[in-house]
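Report on one structure; see the data block that follows.
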Amino acid sequence: MQIAYEIASDLEFLTDLRRDLHQHPELGFEEERTSAIVARLLEEAGIPVHRGLGGTGVVGTLQVGNGTRVIGLRADMDALAMPETADRPYKSLVPGKMHACGHDGHTVLLLGAARYLARTRNFSGTVHFIFQPAEEGRGGAKRMVEEGLFDRFPCDAVYGLHNMPGLDPDEIAVVEGPQLASSDSWYVTFRGIGTHGAKPHLGKDPVTAMATFLSALQTIVGRVVDPLQPAVVSACSVQAGNPQALNVIPDFVEIGGTARAYTPEVRDQLDTEIGRLARGTAEMFGISADYRFERRIPPVVNHADATARALSVAREVFGAKVRTAFPPSTAGDDFAYFGQQAPGCYVWLGNGPAVDGALHHNTAYDFNDAAIGPGVTFWSRLVERELSAV
Ligand SMILES: [Zn+2]
Ligand SMILES: [Zn+2]
């Protein structure tokens, strides 16, 4: 892989910065330190900065020449509320917080590209460097959009990147179509009539209804959704009764879970069917059910034109190590909100083998610094090619 001199000579700085961010993880909408560093480095590179969009979000805008095309590149900055267990010299200094998804790396890749592009200015057009807060389930992208991200900074295309263990650090996957699933939450409350555990006939037992509901839940994916369409329904929380009161049948049971899909149709289907099953089960047992389906993040679906543009750059930078087929993830990413505003493409940059089996959101996960050079080069060439001077 060819890494430009200006990028290669910045790698030591970028690696130190990545490790510094790793040591100082901040949760969603609390990225005060991280976003201050981002804004300062952009300004030092001569890039005008807009602070405070979406709370701690930062947008840097670099305009060169008279090209009219505008693109947005997005990096997420937040960490996770979990302890770091692996010993490393730059281990998290904040108890209970760590960069277990590699967003420290994403931040540095985009900063590296901004620094390179501001120095070399070998393109014609406008690039917005979008540093997003709160990707991990706290709604950072949605808030940036609601606060006018694309009104202030309209984009003809928008790109996102995530590190991916299992691919080499000099390898990338650029694939058209679904990349990440929708990520929605659902809530069911079965309301019965609490009674003595020895006298169930005097009440209406919601616990048995809950058990019937849960044992039937997977029939939605197995029997209702098209077998060629991926879908996941999981119950992840069940709250009822009290382990200190084993002779009491409770009044109600609360169940919550997640639902994942790759198309709006299947997403609607999961919403409808979980509700139908909850109400039908309640009816069966003569009790009632409250149901709520909360739409959190749409699926990330790569647009054909943006994907073709990213793919041609990937082939130029990564040579033969470009994958055009890669299984979509059942995780979600709120980059989906950006992809609803402009043609979007979300790519997977290799992070090397999973060290000791540690994958995303594992207490030992770490971004691989060997991916900094390839990642910065990809972002930089994408801008130079997308906003071609010729
Ligand atoms: Zn994550
Ligand atoms: Zn992530």
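The values are calculated or read from the model by the stated rules, or taken from the named source; none is laboratory data. Note that this is a predicted model, so its numbers are computed, not measured. Here the Cβ is made from the backbone with ideal geometry for all residues, glycine too, and neighbour counts use every protein chain on show.
Looking only at residues that are within 16 Å of ligand 1 (Cβ to nearest atom) and aliphatic (A, V, I, L, M) in region 315-346, which one is modelled with the highest pLDDT?
Step by step, filter region 315-346, then rank; the result is Ala336.
So how many residues does region 67-77 have that are more than 16 Å from ligand 1 (Cβ to nearest atom) and either crowded, with 24+ Cβ neighbours inside 10 Å or modelled with pLDDT under 95 (or both)?
Total satisfying the criteria: 2.
Look through Leu80, Leu110 and report the one residue that is away from ligand 1 (no atom under 16 Å from the Cβ) and touching a Leu at 6+ places or on another chain (Cβ under 9 Å).
Answer to the selection: Leu110.
Inside region 63-77, can you point out the residues that are out of contact with any Ser or Thr (no Cβ under 8 Å at 6 or more places or on another chain) and either closer than 10 Å to Pro25 by Cα or of a type in the set (A, V, I, L, M) (or both)?
Matches in region 63-77: Leu73 only.
Run Ala289 past the list (1) in a strand (DSSP E or B); (2) surrounded by fewer than 19 Cβ atoms within 10 Å (Cβ to Cβ) and report the number of the one that doesn't hold.
It fails just one condition, (2).
Gly357 versus (1) more than 16 Å from ligand 2 (Cβ to nearest atom); (2) over 23 Å from Thr61 (Cα atoms); (3) surrounded by fewer than 18 Cβ atoms within 10 Å (Cβ to Cβ); (4) under 18 Å from the mean Cα position of the chain (by Cα): which is the lone unmet condition?
Gly357 satisfies every listed condition except (4).
Residues are listed down the side, and each one gets a yes or a no for (1) within 16 Å of ligand 2 (Cβ to nearest atom); (2) part of a strand (DSSP E or B); (3) touching a His at 6+ places or on another chain (Cβ under 7 Å):
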position	(1), (2), (3)
Leu41	no, no, no
His50	no, yes, no
Gly55	no, no, no
Met82	yes, no, no
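Quick one: what pairs do we get from region 95-109, first residue closer than 19 Å to Leu11 by Cβ, second basic (Lys, Arg) and away from ligand 2 (no atom under 11 Å from the Cβ), C-beta under 7 Å, 6+ apart or different chains?
Short answer, once both residue conditions are applied: Asp104/Arg18; Gly105/Arg18; Val108/Arg18.
Of the residues in region 299-332, how many are within 16 Å of ligand 2 (Cβ to nearest atom) and either more than 12 Å from Pro178 (Cα to Cα) or outside any loop (DSSP other than H, G, I, E, B) (or both)?
Of the residues in region 299-332, 2 are within 16 Å of ligand 2 (Cβ to nearest atom) and either more than 12 Å from Pro178 (Cα to Cα) or outside any loop (DSSP other than H, G, I, E, B) (or both).
So, in region 365-385, how many residues would count as being over 13 Å from Asn163 (Cβ atoms) and within 16 Å of ligand 2 (Cβ to nearest atom)?
Here the count works out to 0.
Output yes when any residue across region 163-183 is under 30 Å from Tyr116 (Cα atoms), free of Cβ contacts under 8 Å to residues at least 40 places away in the same chain and not polar (S, T, N, Q), and no when none is.
The answer is no, given that none of the residues of region 163-183 is under 30 Å from Tyr116 (Cα atoms), free of Cβ contacts under 8 Å to residues at least 40 places away in the same chain and not polar (S, T, N, Q).
Just one of (1) within 16 Å of ligand 2 (Cβ to nearest atom); (2) within 24 Å of Val49 (Cα to Cα) trips up Leu167, so point out which.
The failed condition is (2).
Condition test on Gly257, is it in a helix (DSSP H, G or I) and of a type in the set (Gly, Ala, Ser)?
When the stated conditions are applied, Gly257 does not pass them.
Check Thr34, Thr56, Thr61 and return the single one that is modelled with pLDDT of 95 or more, hydroxyl-bearing (Ser, Thr, Tyr) and more than 18 Å from Leu149 (Cα to Cα).
Thr34
Only residues that are away from ligand 1 (no atom under 16 Å from the Cβ) and within 23 Å of Asp305 (Cα to Cα): list them for region 147-170, please.
Leu149, Phe150, Asp151, Phe153, Pro154, Cys155, Asp156, Ala157, Val158, Tyr159
Out of curiosity, is Arg323 among the basic types (Lys, Arg), assigned by TED's automatic domain parsing to the domain that holds Val145 and closer than 27 Å to Leu17 by Cα?
So Arg323 fails the test.
Restricted to region 333-345, and to residues that are within 15 Å of ligand 2 (Cβ to nearest atom) and in a loop (DSSP other than H, G, I, E, B), which residue is nearest to Leu180 (Cα to Cα)?
Among them, the one singled out is Asp333.
Could you list all residues from region 111-141 that are more than 16 Å from ligand 2 (Cβ to nearest atom) and either among the aromatic types (Phe, Trp, Tyr) or farther than 21 Å from Ser9 by Cβ (or both)?
Within region 111-141, Tyr116, Phe123, Ser124, Gly125, Thr126, Val127, His128, Phe129 qualify.
Which one is surrounded by the fewest Cβ atoms within 10 Å (Cβ to Cβ) among residues in region 371-390 that are modelled with pLDDT of 95 or more, over 27 Å from Thr330 (Cβ atoms) and small (Gly, Ala, Ser)?
Per the criteria, the residue is Gly373.
Filter region 179-205 for residues that are within 36 Å of the chain's Cα centre (by Cα), crowded, with 22+ Cβ neighbours inside 10 Å and farther than 30 Å from Tyr337 by Cα and give the result.
Of everything in region 179-205, just one residue is within 36 Å of the chain's Cα centre (by Cα), crowded, with 22+ Cβ neighbours inside 10 Å and farther than 30 Å from Tyr337 by Cα, namely Phe190.
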